[in-house]
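First the structure, in the form of structure tokens, and then the observations on it.
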Amino acid sequence: MLKIFHQIFRTGIVTEPLDHVEEAKVTLTGSMLEEEVMKRFSGSVAIRLVDAGSCNGCELEISAVTNSIYNCERFGIHFTASPRFADLLLVTGPVSRNMEIALRRTYNAMPSPKLVVAVGDCGYNGGIFGCSYASLGGVGNVLPVDAYIHGCPPTPSQILNGILKAIRKI
Amino acid sequence: MNEKIQNLIRYLTSKGAVSIDASVNGAIALDVRKTMFSQAAKILKEADFRLVAEWASDETFFDRGFVVYAAYNNGSDYLVIKSEMPSGESSFPTLTKHFPGAYRLERQIDSLFGLNPGGHPDLRPWIKHEDWPEDSYPLRKSFDAATPVRRVERDYKWAKAQGEGVFEIAVGPVHAGIIEPGHFRFQAVGEDIINLETRLGYVHKGIEKRFEALSWATAVRLSGRVSGDSTVAHAVAFCMAAEEAAGCVPPERARYLRAIMIERERIANHLGDIGAICNDTAFAFLHYQFSILREKVLRTNLKVFGHRLMMDRVVLCGVDADLTKVGTDAILSEIKEISGEFERLVRIYEDNPSLEDRVFGTGVLKPEVAKALGVVGFVARSSGQKLDGRLQNPFPPYDKFVPRMPLLKSGDVHARVWVRIEEVRESFRLVKELLGELPNGPLVAGWVPPLPGQSGFSVVEGWRGEIVYWVQCAPDRSINRCMVRDPSSMNWLAIEQAIRGNIVPDFPLCNKSFNQSYSGHDL
């Protein structure tokens, strides 16, 4: 137990500072996000993620958004296990034929008003996988998308920025 | 070719016509008659070979029909058995009765090629879900990749358990966390799992078909997106297969840089996963701590290689990244910083009874089961299997920089964590040594596409385990077929075996300790 306490105090608060550019981006996005989240979502945005066919690259970076350094929860953003409580749907990947129904069902299970954010170049237009017998291409071909986050995969700060962009649309 | 292989070939020849196929590079390839395909498997099994991969190829463009391939390994020998089907025929003898690991590979061949593995015990569709028309076979040349596939009404026949108190839990494809989609169906009595059946294929996006439409250079980018967490290892594996087929050799400096990136990918993923496993025992503290370390590695990657996950840094016959003195120093000081931190966290892991209670004896994959199923990677090494692609197929620089292999026999969650802890330490050492001896010279050598009909076979040990590629060049020197075998394709079967008798709440923990790729499996 003592080792744990020791490690906790040694680590201190790691949320920030990064290098200057990144730091500025995250805190700037963060403070704007916080404001919007307070104003429009009474302080808390619940996000449901659906991997609709991604290579797992975007998932890694979305997970990073929740780590101690990016720490999205400080802005009132958290990931929820159920679409029933979700305000925003994050979708990664080209939409595979085999995930289309599950994606639509998840969307339909969310209460309105709801936002959809497509993450990554694949979510935009199918990326390198394109459109084919197995891939329906970008998320926009299946659901109404409020914002796209480009990148392969986008960095955690780009993901935070994209979420902000979508929230502002409400 | 060593004596053991020569004896084996002589023995196979005595059983029927066998000839060495020189069009396959990177492994010894033997052509056998179709009837010998399964018999060869039996002989190889007796000689203690393990099944590495099984796949088919449509060779219409070479005026042949379908060809089935199976790759085997023993020690450092990789052997490919190849069998052409007489035109018009669409069945071949199953290998599943000799190697249970072939079970899903053959269902996949059946679903995507429409080639029937005669004698296979279970030919329900795999990857191709039940709502696909039965007669759509996407990997045949006659199938146009752009054709949308209509949905039909059909049911998937799940394994059923019956009896008093037996109930079913269906989970997925959409899971609670930030992870990939797949469906798990448990039959349980109370909390105890009596059977688990997985169904995958949800993220099938037609990767193997897509390869056939891309140029060689773009195909490298696609291989880097087969499984995003193993982007470097997959890209290296694809490039090595293509280089084998073409007879091109990347410069020495490029090979070192590839190995440095492979090891850094291993470190980043192991760090993240060790933490995530602790998180699944509700010990969030270590999760947060390990994710800080992982983030530090990714930041150094961005600074040094220009991409957090090092995507698209591997190119045909070389690399598209270089290390300057500044970059080398950044990596060395990062290792110095995080390795000390890592050791402190490992001591906390060892010291925590509540964690110990969850990880010891949970999700046991017995060594004999691991061997029978042909599992690979850290999962195999945690269940007593001496397998590491870097040792079996020591392509440079791994011939000079030999990793020490951690080996545990208990096969439980703890073993899988511990093997990965040891591997992180080993990768730190390898990266430091590789950096110390990084040769000077060019980063890329000239790339010329292979000659028509030539193919290349490659094996690369990614962080998850042995990644296998086989690439065949078409008559117009484009890609005729690219077979991808992610380690997950072998290891997914193992979780169903390891989970029996465990309690339902331990499933996420067991699953995380295997951490298999859905995308790499579904393709």
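The values are calculated or read from the model by the stated rules, or taken from the named source; none is laboratory data. None of these values were measured; they are calculated from a predicted model. FYI the Cβ positions are ideal-geometry reconstructions off the backbone, even for glycines, and counts take in every protein chain you see.
Key figures for this structure:
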{"read-out": "Cross-chain or 6+ apart pairs with Cβ under 9 Å, segment B:213-229 first and at positive phi, then aromatic (Phe, Trp, Tyr)", "value": "none"}
{"read-out": "Search result, residues across segment B:288-333 that are in contact (Cβ under 8 Å) with a residue 12 or more places away in the chain and basic (Lys, Arg)", "value": "B:Arg294, B:Lys296, B:Lys303, B:Arg313"}
{"read-out": "Evaluation of B:Gly272 against (1) surrounded by 23 or more Cβ atoms within 10 Å (Cβ to Cβ); (2) more than 10 Å from chain A (Cβ to nearest Cβ); (3) not in a loop (DSSP other than H, G, I, E, B) (one fails), failing number", "value": "(2)"}
{"read-out": "In segment B:130-149, residue nearest to the other protein chains (Cβ to nearest Cβ) [restricted to those that are surrounded by 20 or more Cβ atoms within 10 Å (Cβ to Cβ) and closer than 19 Å to A:Glu100 by Cβ]", "value": "B:Pro138"}
{"read-out": "Conditions (1) part of a helix (DSSP H, G or I); (2) closer than 25 Å to B:Thr231 by Cα; (3) within 12 Å of chain A (Cβ to nearest Cβ); (4) out of contact with any Leu (no Cβ under 9 Å at 6 or more places or on another chain): number failed by B:Met311", "value": "(1)"}
{"read-out": "Test result for B:Ala241, small (Gly, Ala, Ser), closer than 14 Å to B:Val460 by Cβ and modelled with pLDDT of 95 or more", "value": "yes"}
{"read-out": "Checking B:Ile260 against (1) under 17 Å from B:Ala321 (Cα atoms); (2) crowded, with 24+ Cβ neighbours inside 10 Å; (3) touching a strand residue (DSSP E or B) at 6+ places or on another chain (Cβ under 9 Å), the condition it does not meet", "value": "(3)"}
{"read-out": "Where a residue in segment A:125-146 is in contact (Cβ under 8 Å) with a residue 60 or more places away in the chain and facing another protein chain (nearest Cβ under 9 Å) and its partner, wherever it lies, is surrounded by 20 or more Cβ atoms within 10 Å (Cβ to Cβ) and in a helix (DSSP H, G or I), with Cβ under 9 Å and at least six apart", "value": "A:Phe129/A:Cys122; A:Phe129/B:Ile207; A:Phe129/B:Arg210; A:Phe129/B:Leu222; A:Ser135/A:Cys122; A:Ser135/A:Phe129; A:Ser135/B:Arg210"}
{"read-out": "Selection within segment A:98-116 - touching a residue at least 24 places away in the same chain (Cβ under 8 Å) and out of contact with any Lys or Arg (no Cβ under 8 Å at 6 or more places or on another chain)", "value": "A:Asn98, A:Met99, A:Glu100, A:Ala102, A:Leu103, A:Arg104, A:Pro113, A:Lys114, A:Val116"}
{"read-out": "Every residue from segment B:63-77 that is buried (at least 16 other Cβ atoms within 10 Å of the Cβ), touching a residue at least 60 places away in the same chain (Cβ under 8 Å) and farther than 19 Å from B:Leu373 by Cβ", "value": "B:Tyr69, B:Asp77"}
{"read-out": "Out of B:Glu243, B:Glu252, B:Glu153, B:Glu197, sole residue that is over 18 Å from the mean Cα position of the chain (by Cα), farther than 28 Å from A:Ala102 by Cα, among the charged types (D, E, K, R) and surrounded by fewer than 20 Cβ atoms within 10 Å (Cβ to Cβ)", "value": "B:Glu252"}
{"read-out": "Criterion violated by B:Phe62 - all others in (1) more than 14 Å from every other protein chain (Cβ to nearest Cβ); (2) touching a Phe, Trp or Tyr at 6+ places or on another chain (Cβ under 6 Å) satisfied", "value": "(2)"}
{"read-out": "Qualifying positions in segment B:400-453 - closer than 19 Å to B:Asn515 by Cβ and among the aliphatic types (A, V, I, L, M)", "value": "B:Leu408, B:Val413, B:Ala415, B:Val417, B:Val419, B:Ile421, B:Val424"}
{"read-out": "Filtered residue count, segment A:33-87, keeping only those that are within 12 Å of another protein chain (Cβ to nearest Cβ), in contact with a Phe, Trp or Tyr (Cβ under 8 Å, 6 or more places away or on another chain) and farther than 29 Å from B:Tyr202 by Cα", "value": "1"}
{"read-out": "Any hit, segment B:234-255, residues being in contact with a Gly (Cβ under 7 Å, 6 or more places away or on another chain) and within 14 Å of another protein chain (Cβ to nearest Cβ)", "value": "yes"}
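Okay, residues lined up against (1) closer than 23 Å to A:Glu36 by Cα; (2) among the acidic types (Asp, Glu); (3) buried (at least 19 other Cβ atoms within 10 Å of the Cβ):
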position	(1), (2), (3)
A:Thr80	yes, no, no
A:Asp87	yes, yes, yes
A:Gly93	no, no, yes
A:Asn98	no, no, yes
A:Arg105	no, no, no
A:Leu136	no, no, yes
